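One structure is given here, and the rest of the page talks about it.
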């Protein structure tokens, strides 16, 4: 099930904030960032057959539109969005400085991509 995962925050007024997520619901095999995307440009538009993903907007703002019509706004690095396989994801980059960090359960495999209909 697609779900928001709040990170545990450790706040030090003099030294900043450390945001921690320890219970990642899959073994991470790949990490990548997406950035320098023009404002209001859409990325994604596909689902994965096997790959689980965790999205974390480390800077800026992203609107995540799921294939079933649900939307999530990621605009602070204190919350991640978990997306299991078979869920279509569209990512709209809302600011020019947006940087998205993605943790994935699988290495890149073009055969894992599903374009068009999936569960949502």
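The values are calculated or read from the model by the stated rules, or taken from the named source; none is laboratory data. Just so it is clear, the structure is predicted and the values come from calculations on it, not from any experiment. Backbone-built Cβ (ideal geometry, glycine too); neighbour counts: all protein chains shown.
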Which condition breaks for residue 17 when tested against (1) assigned to a strand (DSSP E or B); (2) at pLDDT below 95; (3) loosely packed, with under 14 Cβ neighbours inside 10 Å? (2)
Could you go through region 81-92 and let me know if any residue there is part of a loop (DSSP other than H, G, I, E, B), more than 13 Å from the chain's Cα centre (by Cα) and farther than 15 Å from residue 3 by Cα. no
Being under 13 Å from residue 114 (Cβ atoms) and either touching a strand residue (DSSP E or B) at 6+ places or on another chain (Cβ under 8 Å) or surrounded by fewer than 19 Cβ atoms within 10 Å (Cβ to Cβ) (or both) narrows it down to one residue among 70, 65, 50; which is it? 50
The residue that is surrounded by the most Cβ atoms within 10 Å (Cβ to Cβ), considering only those in region 23-45 that are modelled with pLDDT of 95 or more and part of a strand (DSSP E or B), is 34
Under 6 Å between Cβ atoms, at least 6 apart or on separate chains: pull out the pairs that start in region 24-49 with a residue that is on the phi > 0 side of the Ramachandran plot and end on any residue that is outside any loop (DSSP other than H, G, I, E, B). 44/89; 44/90; 44/91; 45/90
